[in-house]
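Chemist: Pasting a structure here, questions to come.
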Amino acid sequence: MKADHPHCRSRVRAAAFAILAVMSSATWSVDQQPTEQLPLKDLRLFAEVFHQIRASYVEEVDDRTLLENAIKGMLAGLDPHSTYLDKKSFTDLRVSTSGEFGGLGIEVGMEDGFVKVISPIDDTPAQRAGIEAGDLIIKLDSKPVKGMTLGEAVKIMRGKLGSKIELTIVREGVNQPFDITIIRDIIRVVSVRSKTLEDGFGYIRIAQFQVNTGKDVSKAIETLNQKNSPLKGLILDLRNNPGGVLQSSVEVADLFLNDGMVVYTEGRLPQSQSKFHASTITEGGDTPLVVLINGGSASASEIVAGALQDHKRAIIMGTDSFGKGSVQTVLPLNDDRAIKLTTALYYTPNGRSIQALGIKPDIIVERAKITKIDARKGLREADLSRHLDNANGKKDQKKPKDLTKDENPEIPDNQIYEALNLLKGIHILSLKQQSPVQPASQQPTQQQL
(Lines give C-alpha, C1' and ligand atoms only; values in the text may rest on other atoms or scores of the structure.)
Protein backbone atom coordinates (compact mmCIF):
# COMPACT_ATOMS: atom_id res chain seq x y z
CA MET A 1 0.00 0.00 0.00
CA LYS A 2 1.38 3.43 -0.93
CA ALA A 3 2.06 5.94 1.79
CA ASP A 4 -0.44 8.43 0.34
CA HIS A 5 -3.23 5.87 0.04
CA PRO A 6 -6.46 7.25 1.62
CA HIS A 7 -6.68 4.37 4.12
CA CYS A 8 -3.03 4.83 5.15
CA ARG A 9 -3.58 8.56 5.41
CA SER A 10 -6.58 8.14 7.70
CA ARG A 11 -4.66 5.65 9.86
CA VAL A 12 -1.79 8.10 10.29
CA ARG A 13 -4.18 10.87 11.25
CA ALA A 14 -6.00 8.59 13.67
CA ALA A 15 -2.70 7.62 15.24
CA ALA A 16 -1.68 11.25 15.58
CA PHE A 17 -5.01 12.15 17.21
CA ALA A 18 -4.71 9.20 19.58
CA ILE A 19 -1.23 10.23 20.67
CA LEU A 20 -2.33 13.83 21.21
CA ALA A 21 -5.26 12.58 23.26
CA VAL A 22 -2.86 10.65 25.49
CA MET A 23 -0.63 13.75 25.81
CA SER A 24 -3.67 15.79 26.76
CA SER A 25 -4.72 13.34 29.47
CA ALA A 26 -1.14 13.21 30.80
CA THR A 27 -1.17 17.00 31.14
CA TRP A 28 -4.43 16.75 33.07
CA SER A 29 -2.95 14.21 35.51
CA VAL A 30 0.01 16.51 36.26
CA ASP A 31 -2.14 19.58 36.81
CA GLN A 32 -4.74 17.68 38.81
CA GLN A 33 -7.34 20.01 37.34
CA PRO A 34 -9.30 20.20 34.08
CA THR A 35 -7.61 21.95 31.18
CA GLU A 36 -9.05 23.64 28.12
CA GLN A 37 -9.81 21.36 25.20
CA LEU A 38 -7.12 21.23 22.55
CA PRO A 39 -8.09 23.16 19.39
CA LEU A 40 -9.39 20.73 16.77
CA LYS A 41 -8.20 22.88 13.87
CA ASP A 42 -4.60 22.85 15.10
CA LEU A 43 -4.77 19.10 15.77
CA ARG A 44 -5.82 18.56 12.19
CA LEU A 45 -2.90 20.72 11.05
CA PHE A 46 -0.50 18.62 13.11
CA ALA A 47 -1.93 15.41 11.64
CA GLU A 48 -1.61 16.80 8.13
CA VAL A 49 2.04 17.80 8.64
CA PHE A 50 2.75 14.41 10.20
CA HIS A 51 1.26 12.69 7.14
CA GLN A 52 3.09 14.87 4.62
CA ILE A 53 6.48 14.23 6.24
CA ARG A 54 5.79 10.52 6.55
CA ALA A 55 4.65 10.24 2.93
CA SER A 56 6.80 12.76 1.05
CA TYR A 57 10.09 13.30 2.88
CA VAL A 58 13.10 12.31 0.76
CA GLU A 59 14.08 9.60 3.24
CA GLU A 60 11.74 7.27 5.10
CA VAL A 61 11.32 8.24 8.74
CA ASP A 62 9.67 5.93 11.25
CA ASP A 63 6.70 7.15 13.28
CA ARG A 64 8.55 7.01 16.62
CA THR A 65 11.30 9.34 15.37
CA LEU A 66 8.74 11.80 14.02
CA LEU A 67 6.84 11.86 17.29
CA GLU A 68 10.01 12.27 19.37
CA ASN A 69 11.05 15.16 17.11
CA ALA A 70 7.62 16.72 17.62
CA ILE A 71 8.06 16.50 21.40
CA LYS A 72 11.56 18.00 21.16
CA GLY A 73 10.19 20.82 19.04
CA MET A 74 7.44 21.62 21.55
CA LEU A 75 9.97 21.94 24.37
CA ALA A 76 12.63 23.75 22.32
CA GLY A 77 10.10 26.46 21.49
CA LEU A 78 9.50 27.29 25.17
CA ASP A 79 12.78 28.49 26.73
CA PRO A 80 16.49 27.51 26.65
CA HIS A 81 16.22 25.26 29.72
CA SER A 82 13.18 23.14 28.85
CA THR A 83 14.15 20.01 26.95
CA TYR A 84 13.30 16.41 26.14
CA LEU A 85 15.51 13.79 27.77
CA ASP A 86 15.92 10.59 25.82
CA LYS A 87 17.35 7.50 27.47
CA LYS A 88 20.99 8.63 27.30
CA SER A 89 20.28 12.24 28.28
CA PHE A 90 18.15 11.14 31.23
CA THR A 91 20.94 8.83 32.43
CA ASP A 92 23.57 11.56 31.98
CA LEU A 93 21.48 13.99 34.01
CA ARG A 94 21.18 11.59 36.92
CA VAL A 95 24.89 10.81 36.81
CA SER A 96 25.97 14.47 36.65
CA THR A 97 24.31 15.32 39.98
CA SER A 98 26.60 12.79 41.68
CA GLY A 99 29.62 14.94 40.81
CA GLU A 100 31.34 12.62 38.29
CA PHE A 101 30.64 12.31 34.56
CA GLY A 102 32.35 12.24 31.20
CA GLY A 103 32.79 15.25 28.93
CA LEU A 104 34.51 18.62 28.62
CA GLY A 105 33.57 20.30 31.88
CA ILE A 106 31.30 23.19 30.82
CA GLU A 107 27.80 24.29 31.74
CA VAL A 108 26.03 25.42 28.56
CA GLY A 109 22.80 26.92 27.29
CA MET A 110 21.43 28.17 23.94
CA GLU A 111 21.52 31.74 22.66
CA ASP A 112 20.43 32.82 19.16
CA GLY A 113 20.84 29.25 17.92
CA PHE A 114 24.38 28.86 19.25
CA VAL A 115 25.72 27.08 22.33
CA LYS A 116 26.65 29.61 25.01
CA VAL A 117 29.07 28.77 27.79
CA ILE A 118 27.50 29.65 31.13
CA SER A 119 30.68 28.67 32.94
CA PRO A 120 33.61 26.28 32.77
CA ILE A 121 33.86 23.89 35.72
CA ASP A 122 36.95 24.06 37.94
CA ASP A 123 39.88 21.77 37.10
CA THR A 124 38.35 20.35 33.92
CA PRO A 125 39.65 20.06 30.33
CA ALA A 126 37.52 23.05 29.25
CA GLN A 127 38.90 25.36 31.93
CA ARG A 128 42.47 24.27 31.32
CA ALA A 129 42.01 24.86 27.57
CA GLY A 130 40.95 28.45 28.22
CA ILE A 131 37.16 28.31 27.74
CA GLU A 132 35.52 31.33 29.41
CA ALA A 133 32.03 32.20 30.61
CA GLY A 134 30.13 33.97 27.81
CA ASP A 135 31.91 32.20 24.95
CA LEU A 136 29.67 31.26 22.01
CA ILE A 137 30.39 27.88 20.40
CA ILE A 138 29.51 28.14 16.71
CA LYS A 139 31.07 24.89 15.42
CA LEU A 140 31.79 21.44 16.81
CA ASP A 141 34.50 19.63 14.85
CA SER A 142 33.84 22.03 11.95
CA LYS A 143 30.12 21.17 12.03
CA PRO A 144 27.93 24.30 12.43
CA VAL A 145 25.91 24.42 15.65
CA LYS A 146 23.19 26.55 14.08
CA GLY A 147 20.11 24.38 13.67
CA MET A 148 21.05 21.91 16.41
CA THR A 149 19.09 21.53 19.60
CA LEU A 150 21.00 21.90 22.86
CA GLY A 151 20.65 18.16 23.45
CA GLU A 152 22.15 17.36 20.05
CA ALA A 153 25.09 19.68 20.67
CA VAL A 154 25.72 18.22 24.12
CA LYS A 155 25.60 14.72 22.66
CA ILE A 156 28.41 15.64 20.24
CA MET A 157 30.50 17.24 22.98
CA ARG A 158 30.24 14.14 25.14
CA GLY A 159 32.27 11.27 23.78
CA LYS A 160 34.89 8.63 24.30
CA LEU A 161 37.38 9.44 27.04
CA GLY A 162 40.70 10.64 25.64
CA SER A 163 39.18 11.65 22.31
CA LYS A 164 39.60 15.16 20.93
CA ILE A 165 37.01 17.71 19.91
CA GLU A 166 37.57 21.07 18.23
CA LEU A 167 35.35 23.97 19.30
CA THR A 168 35.08 27.11 17.20
CA ILE A 169 34.60 30.02 19.58
CA VAL A 170 33.28 33.56 19.24
CA ARG A 171 34.38 35.71 22.19
CA GLU A 172 33.53 39.29 23.01
CA GLY A 173 36.54 41.52 22.43
CA VAL A 174 38.16 39.09 19.95
CA ASN A 175 37.78 40.12 16.31
CA GLN A 176 37.76 36.68 14.68
CA PRO A 177 36.39 33.26 15.66
CA PHE A 178 39.12 30.91 16.86
CA ASP A 179 39.49 27.18 17.51
CA ILE A 180 40.18 25.41 20.80
CA THR A 181 40.95 21.69 20.90
CA ILE A 182 39.90 19.84 24.05
CA ILE A 183 40.54 16.25 25.09
CA ARG A 184 37.52 14.62 26.71
CA ASP A 185 37.96 13.27 30.22
CA ILE A 186 36.08 12.09 33.29
CA ILE A 187 34.76 15.18 35.03
CA ARG A 188 35.08 14.91 38.78
CA VAL A 189 33.61 18.01 40.32
CA VAL A 190 35.00 18.87 43.75
CA SER A 191 32.17 20.99 45.07
CA VAL A 192 33.96 22.78 47.92
CA ARG A 193 37.55 23.90 48.46
CA SER A 194 38.87 26.04 51.30
CA LYS A 195 42.13 27.54 52.56
CA THR A 196 43.59 30.29 54.73
CA LEU A 197 44.74 33.25 52.62
CA GLU A 198 46.40 35.12 55.47
CA ASP A 199 46.35 34.74 59.22
CA GLY A 200 42.70 35.12 60.26
CA PHE A 201 41.25 35.39 56.75
CA GLY A 202 39.64 32.35 55.09
CA TYR A 203 38.55 31.46 51.58
CA ILE A 204 35.83 29.00 50.47
CA ARG A 205 35.25 28.15 46.82
CA ILE A 206 32.03 26.45 45.69
CA ALA A 207 32.39 25.14 42.13
CA GLN A 208 28.91 23.61 41.89
CA PHE A 209 25.99 22.93 44.24
CA GLN A 210 25.74 19.19 44.79
CA VAL A 211 23.76 17.14 47.30
CA ASN A 212 26.41 17.40 50.05
CA THR A 213 27.60 20.96 49.38
CA GLY A 214 25.89 22.39 52.48
CA LYS A 215 27.63 19.86 54.74
CA ASP A 216 30.97 20.40 53.00
CA VAL A 217 30.80 24.19 53.47
CA SER A 218 29.87 23.66 57.13
CA LYS A 219 32.98 21.50 57.62
CA ALA A 220 35.12 24.09 55.81
CA ILE A 221 33.92 26.86 58.14
CA GLU A 222 34.65 24.69 61.16
CA THR A 223 38.17 23.92 59.90
CA LEU A 224 38.93 27.56 59.13
CA ASN A 225 37.71 28.59 62.60
CA GLN A 226 40.02 26.04 64.19
CA LYS A 227 43.05 27.20 62.19
CA ASN A 228 42.25 30.91 62.58
CA SER A 229 41.07 31.72 66.05
CA PRO A 230 39.26 33.97 65.67
CA LEU A 231 38.33 34.08 61.97
CA LYS A 232 38.53 37.78 61.06
CA GLY A 233 36.92 37.55 57.64
CA LEU A 234 35.77 35.10 54.97
CA ILE A 235 35.56 35.13 51.16
CA LEU A 236 32.87 32.95 49.56
CA ASP A 237 33.76 32.47 45.89
CA LEU A 238 30.77 31.69 43.63
CA ARG A 239 32.33 32.81 40.36
CA ASN A 240 31.68 30.51 37.39
CA ASN A 241 29.37 28.42 39.57
CA PRO A 242 26.57 27.25 37.23
CA GLY A 243 24.23 26.27 40.08
CA GLY A 244 22.94 22.81 40.87
CA VAL A 245 20.79 21.47 43.69
CA LEU A 246 18.36 24.08 45.06
CA GLN A 247 18.25 22.64 48.59
CA SER A 248 22.05 22.85 48.86
CA SER A 249 22.02 26.56 48.02
CA VAL A 250 19.45 27.11 50.78
CA GLU A 251 21.64 25.17 53.22
CA VAL A 252 24.70 27.28 52.34
CA ALA A 253 22.84 30.57 52.79
CA ASP A 254 21.44 29.27 56.07
CA LEU A 255 24.99 28.83 57.42
CA PHE A 256 25.32 32.63 57.48
CA LEU A 257 21.75 33.61 58.40
CA ASN A 258 19.92 33.09 61.68
CA ASP A 259 16.44 34.09 60.57
CA GLY A 260 14.29 35.09 57.61
CA MET A 261 13.56 33.90 54.12
CA VAL A 262 16.28 32.59 51.81
CA VAL A 263 14.34 32.27 48.55
CA TYR A 264 10.83 31.63 47.27
CA THR A 265 9.46 30.32 43.99
CA GLU A 266 6.27 31.07 42.08
CA GLY A 267 4.70 29.08 39.24
CA ARG A 268 1.34 27.88 37.92
CA LEU A 269 1.25 24.58 39.78
CA PRO A 270 0.54 24.45 43.53
CA GLN A 271 3.77 22.52 44.13
CA SER A 272 5.69 25.32 42.41
CA GLN A 273 4.81 27.72 45.23
CA SER A 274 7.63 27.21 47.72
CA LYS A 275 9.26 29.24 50.48
CA PHE A 276 12.59 28.43 52.11
CA HIS A 277 13.57 29.96 55.45
CA ALA A 278 16.81 30.06 57.44
CA SER A 279 17.07 28.25 60.76
CA THR A 280 18.13 29.95 64.00
CA ILE A 281 21.48 28.11 63.99
CA THR A 282 24.25 29.90 62.10
CA GLU A 283 27.75 28.45 61.82
CA GLY A 284 29.15 31.46 59.98
CA GLY A 285 28.31 33.67 62.97
CA ASP A 286 28.88 37.37 62.39
CA THR A 287 32.23 36.91 60.62
CA PRO A 288 32.57 39.63 57.95
CA LEU A 289 31.76 38.04 54.59
CA VAL A 290 32.50 38.97 50.96
CA VAL A 291 30.80 36.97 48.18
CA LEU A 292 32.43 36.96 44.74
CA ILE A 293 30.21 36.58 41.64
CA ASN A 294 30.58 37.06 37.89
CA GLY A 295 28.79 36.33 34.61
CA GLY A 296 29.26 32.61 35.15
CA SER A 297 27.44 32.61 38.50
CA ALA A 298 23.99 31.19 37.80
CA SER A 299 20.90 29.72 39.40
CA ALA A 300 21.71 28.31 42.85
CA SER A 301 24.75 30.57 43.26
CA GLU A 302 22.54 33.59 42.52
CA ILE A 303 20.11 32.41 45.20
CA VAL A 304 22.89 32.44 47.81
CA ALA A 305 24.24 35.84 46.70
CA GLY A 306 20.75 37.37 46.53
CA ALA A 307 19.73 36.12 49.98
CA LEU A 308 22.91 37.33 51.68
CA GLN A 309 22.66 40.67 49.88
CA ASP A 310 19.02 41.24 50.83
CA HIS A 311 19.71 40.39 54.49
CA LYS A 312 22.78 42.69 54.40
CA ARG A 313 24.82 39.78 55.69
CA ALA A 314 27.54 40.00 53.04
CA ILE A 315 29.14 42.42 50.60
CA ILE A 316 28.68 41.17 47.04
CA MET A 317 31.70 41.91 44.86
CA GLY A 318 32.60 41.25 41.23
CA THR A 319 30.43 41.64 38.13
CA ASP A 320 26.75 41.00 37.27
CA SER A 321 25.70 37.36 37.55
CA PHE A 322 24.24 35.28 34.70
CA GLY A 323 20.54 35.80 35.46
CA LYS A 324 19.09 32.28 35.42
CA GLY A 325 16.18 32.67 37.80
CA SER A 326 14.00 29.78 36.65
CA VAL A 327 13.23 26.41 38.22
CA GLN A 328 13.42 23.24 36.13
CA THR A 329 11.49 20.14 37.18
CA VAL A 330 12.36 16.73 35.75
CA LEU A 331 9.12 14.90 34.95
CA PRO A 332 9.71 11.20 34.13
CA LEU A 333 7.60 9.88 31.26
CA ASN A 334 8.62 6.23 31.78
CA ASP A 335 11.62 4.33 33.12
CA ASP A 336 14.15 5.81 30.69
CA ARG A 337 12.70 9.06 29.33
CA ALA A 338 11.68 12.38 30.84
CA ILE A 339 11.16 16.05 30.14
CA LYS A 340 12.95 18.87 31.93
CA LEU A 341 10.38 21.63 32.17
CA THR A 342 10.62 25.17 33.52
CA THR A 343 7.90 25.31 36.18
CA ALA A 344 8.65 28.35 38.36
CA LEU A 345 10.76 31.48 38.90
CA TYR A 346 13.12 32.28 41.79
CA TYR A 347 12.70 35.41 43.89
CA THR A 348 15.09 36.84 46.48
CA PRO A 349 13.78 37.60 50.02
CA ASN A 350 13.01 41.20 48.96
CA GLY A 351 10.95 39.97 46.00
CA ARG A 352 13.52 40.55 43.27
CA SER A 353 13.28 38.25 40.28
CA ILE A 354 16.69 36.91 39.25
CA GLN A 355 15.50 35.93 35.77
CA ALA A 356 17.36 37.72 32.93
CA LEU A 357 18.65 40.38 35.36
CA GLY A 358 20.89 38.50 37.73
CA ILE A 359 22.43 39.82 40.93
CA LYS A 360 24.22 43.15 40.76
CA PRO A 361 27.27 43.39 43.04
CA ASP A 362 27.52 46.02 45.77
CA ILE A 363 31.07 46.75 44.62
CA ILE A 364 31.96 46.24 40.95
CA VAL A 365 35.42 44.76 40.43
CA GLU A 366 36.25 43.65 36.90
CA ARG A 367 38.64 40.76 36.35
CA ALA A 368 42.09 42.14 35.62
CA LYS A 369 45.77 41.31 35.79
CA ILE A 370 47.78 42.77 38.65
CA THR A 371 50.95 44.50 37.50
CA LYS A 372 53.25 45.65 40.27
CA ILE A 373 55.24 48.85 39.81
CA ASP A 374 58.64 48.75 41.49
CA ALA A 375 58.87 51.32 44.27
CA ARG A 376 61.88 53.63 44.28
CA LYS A 377 64.17 53.20 47.24
CA GLY A 378 64.88 56.65 48.69
CA LEU A 379 66.18 58.19 51.90
CA ARG A 380 64.07 58.16 55.04
CA GLU A 381 64.46 60.17 58.22
CA ALA A 382 66.03 57.18 59.94
CA ASP A 383 68.77 57.10 57.26
CA LEU A 384 69.97 60.65 58.02
CA SER A 385 73.03 61.08 60.23
CA ARG A 386 72.40 62.54 63.71
CA HIS A 387 68.62 61.90 63.36
CA LEU A 388 66.59 62.21 66.55
CA ASP A 389 65.56 59.01 68.28
CA ASN A 390 61.92 57.97 68.50
CA ALA A 391 59.98 60.00 71.10
CA ASN A 392 58.88 56.84 72.84
CA GLY A 393 62.48 55.87 73.45
CA LYS A 394 62.54 53.18 70.75
CA LYS A 395 65.91 53.25 69.01
CA ASP A 396 65.80 49.91 67.21
CA GLN A 397 62.89 49.94 64.83
CA LYS A 398 61.99 47.13 62.45
CA LYS A 399 62.93 47.81 58.87
CA PRO A 400 59.92 48.74 56.72
CA LYS A 401 58.52 46.10 54.40
CA ASP A 402 60.07 45.92 50.98
CA LEU A 403 57.16 46.97 48.79
CA THR A 404 58.78 45.43 45.73
CA LYS A 405 58.18 41.96 47.14
CA ASP A 406 54.83 40.24 46.78
CA GLU A 407 53.26 40.21 50.24
CA ASN A 408 51.03 37.25 49.37
CA PRO A 409 52.21 35.34 46.29
CA GLU A 410 49.25 32.95 46.60
CA ILE A 411 46.80 35.64 45.47
CA PRO A 412 47.33 36.39 41.75
CA ASP A 413 43.57 36.97 41.39
CA ASN A 414 42.73 40.68 41.59
CA GLN A 415 39.12 40.09 42.68
CA ILE A 416 40.22 37.89 45.59
CA TYR A 417 42.92 40.46 46.38
CA GLU A 418 40.33 43.28 46.51
CA ALA A 419 37.99 41.18 48.66
CA LEU A 420 40.81 40.39 51.09
CA ASN A 421 41.79 44.07 51.38
CA LEU A 422 38.16 44.98 52.06
CA LEU A 423 37.95 42.40 54.86
CA LYS A 424 41.18 43.71 56.35
CA GLY A 425 39.74 47.23 56.36
CA ILE A 426 36.55 46.04 58.07
CA HIS A 427 38.63 44.26 60.72
CA ILE A 428 40.81 47.34 61.37
CA LEU A 429 37.74 49.54 61.79
CA SER A 430 36.15 47.05 64.19
CA LEU A 431 39.28 47.12 66.36
CA LYS A 432 39.26 50.91 66.44
CA GLN A 433 35.62 50.91 67.52
CA GLN A 434 36.45 48.51 70.34
CA SER A 435 39.47 50.54 71.50
CA PRO A 436 38.91 54.24 70.82
CA VAL A 437 41.92 56.57 70.92
CA GLN A 438 42.55 58.11 74.36
CA PRO A 439 43.03 61.88 74.72
CA ALA A 440 46.67 62.94 74.42
CA SER A 441 46.81 64.05 78.09
CA GLN A 442 45.97 60.48 79.18
CA GLN A 443 48.53 58.80 76.96
CA PRO A 444 51.86 57.82 78.59
CA THR A 445 54.89 59.71 77.26
CA GLN A 446 57.16 56.75 77.69
CA GLN A 447 56.91 53.04 78.10
CA GLN A 448 56.67 51.63 81.60
CA LEU A 449 59.15 48.84 82.15
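The values are calculated or read from the model by the stated rules, or taken from the named source; none is laboratory data. This is a predicted model, so every value here is computed, not measured. Every residue, glycine among them, receives a Cβ derived from its backbone with ideal geometry; neighbour counts consider all protein chains shown.
Chemist: Name the single residue that is modelled with the lowest pLDDT among those in the range 170-205 being of a type in the set (Ser, Thr, Tyr) and surrounded by 15 or more Cβ atoms within 10 Å (Cβ to Cβ). Full working, then the answer.
Modeler: Just the residues of the range 170-205 that are of a type in the set (Ser, Thr, Tyr), to begin with: 181, 191, 194, 196, 203.
Subsequent filtering for residues that are surrounded by 15 or more Cβ atoms within 10 Å (Cβ to Cβ) retains 191, 194, 196, 203.
Numbers: Ser191: 93, Ser194: 96, Thr196: 96, Tyr203: 97.
Among residues in the range 170-205 that are of a type in the set (Ser, Thr, Tyr) and surrounded by 15 or more Cβ atoms within 10 Å (Cβ to Cβ), the one modelled with the lowest pLDDT is Ser191.
Chemist: Considering the range 213-240 alone, what residues qualify as being closer than 21 Å to Gly306 by Cα and either modelled with pLDDT under 95 or of a type in the set (Lys, Arg) (or both)?
Modeler: Lys215, Arg239, Asn240, listed by residue number.
Chemist: Could I ask something else about it? If the requirement is being modelled with pLDDT of 85 or more, in contact with a helix residue (DSSP H, G or I) (Cβ under 7 Å, 6 or more places away or on another chain) and not aliphatic (A, V, I, L, M), which of these qualifies: Ser82, Ser142, Ser163? Before the answer, list the steps.
Modeler: Values: Ser142 fails: in contact with a helix residue (DSSP H, G or I) (Cβ under 7 Å, 6 or more places away or on another chain); Ser163 fails: in contact with a helix residue (DSSP H, G or I) (Cβ under 7 Å, 6 or more places away or on another chain).
One residue alone meets the criteria, Ser82.
Chemist: Would you mind telling me which numbered condition in (1) hydrophobic (A, V, I, L, M, F, W, C); (2) outside any loop (DSSP other than H, G, I, E, B); (3) modelled with pLDDT under 90 Leu345 fails?
Modeler: (3)
Chemist: Among the polar types (S, T, N, Q), surrounded by 11 or more Cβ atoms within 10 Å (Cβ to Cβ) and either over 27 Å from Asp199 (Cα atoms) or modelled with pLDDT of 70 or more (or both): is that true of Asn408 in this structure?
Modeler: No; evaluated as a whole, the condition is false for this residue.
Chemist: Is at least one residue of the range 234-247 of a type in the set (D, E, K, R) and without any contact (Cβ under 8 Å) to a residue 40 or more places away in the chain?
Modeler: No, the range 234-247 contains no residue that is of a type in the set (D, E, K, R) and without any contact (Cβ under 8 Å) to a residue 40 or more places away in the chain.
Chemist: Determine if the range 278-289 includes at least one residue that is at pLDDT 95 or above, in contact with a helix residue (DSSP H, G or I) (Cβ under 9 Å, 6 or more places away or on another chain) and more than 26 Å from Gln415 (Cα to Cα).
Modeler: Looking for residues that are at pLDDT 95 or above, in contact with a helix residue (DSSP H, G or I) (Cβ under 9 Å, 6 or more places away or on another chain) and more than 26 Å from Gln415 (Cα to Cα), one finds at least one in the range 278-289, hence yes.
Chemist: What do you reckon, is Met148 out of contact with any Cys (no Cβ under 6 Å at 6 or more places or on another chain), surrounded by 15 or more Cβ atoms within 10 Å (Cβ to Cβ) and under 21 Å from Gly323 (Cβ atoms)?
Modeler: Details: out of contact with any Cys (no Cβ under 6 Å at 6 or more places or on another chain): yes; surrounded by 15 or more Cβ atoms within 10 Å (Cβ to Cβ): yes; under 21 Å from Gly323 (Cβ atoms): no.
Taking the combined requirement at face value, the residue does not satisfy it.
Chemist: Taking the range 215-241, which residues are over 12 Å from Arg205 (Cβ atoms) and in a helix (DSSP H, G or I)? Walk me through how you get there before you give the answer.
Modeler: Applying the first criterion (over 12 Å from Arg205 (Cβ atoms)) to the range 215-241 yields 215, 218-219, 221-233.
Across the range 215-241, the qualifying residues are Lys215, Ser218, Lys219, Ile221, Glu222, Thr223, Leu224, Asn225, Gln226, Lys227.
Chemist: Please count how many residues of the range 245-293 are farther than 26 Å from Gly202 by Cβ and aliphatic (A, V, I, L, M).
Modeler: 2
Chemist: Follow-up question, since we're still on this one. Across the range 117-131, what is the total count of residues that are surrounded by fewer than 18 Cβ atoms within 10 Å (Cβ to Cβ) and either touching a Leu at 6+ places or on another chain (Cβ under 8 Å) or more than 15 Å from Val190 (Cβ to Cβ) (or both)?
Modeler: Number satisfying all stated conditions: 2.
Chemist: Does any residue in the range 259-277 that is under 13 Å from Arg352 (Cβ atoms) and in the same structural domain as Ile354 (by TED's automatic domain parsing) come within less than 6 Å, Cβ to Cβ, of a residue that is modelled with pLDDT of 95 or more and among the basic types (Lys, Arg) six or more places away or on a different chain, and which pairs are these?
Modeler: Tyr264/Lys275
Chemist: Scan the range 297-313 residue by residue and report those that are assigned to a loop (DSSP other than H, G, I, E, B) and surrounded by fewer than 24 Cβ atoms within 10 Å (Cβ to Cβ).
Modeler: Pass one, the range 297-313, residues assigned to a loop (DSSP other than H, G, I, E, B): 297-299, 311-313.
Across the range 297-313, the qualifying residues are His311, Lys312, Arg313.
Chemist: Using the structure shown, decide if Lys360 is under 24 Å from Asn240 (Cα atoms), touching a residue at least 12 places away in the same chain (Cβ under 8 Å), among the charged types (D, E, K, R) and part of a strand (DSSP E or B).
Modeler: Details: under 24 Å from Asn240 (Cα atoms): yes; touching a residue at least 12 places away in the same chain (Cβ under 8 Å): yes; among the charged types (D, E, K, R): yes; part of a strand (DSSP E or B): no.
For Lys360, the condition - under 24 Å from Asn240 (Cα atoms), touching a residue at least 12 places away in the same chain (Cβ under 8 Å), among the charged types (D, E, K, R) and part of a strand (DSSP E or B) - is not met.
Chemist: Evaluate the following for Lys324: is it basic (Lys, Arg), modelled with pLDDT of 90 or more and under 30 Å from His427 (Cα atoms)? First the steps, then the outcome.
Modeler: Working: basic (Lys, Arg): yes; modelled with pLDDT of 90 or more: yes; under 30 Å from His427 (Cα atoms): no.
Taking the combined requirement at face value, the residue does not satisfy it.
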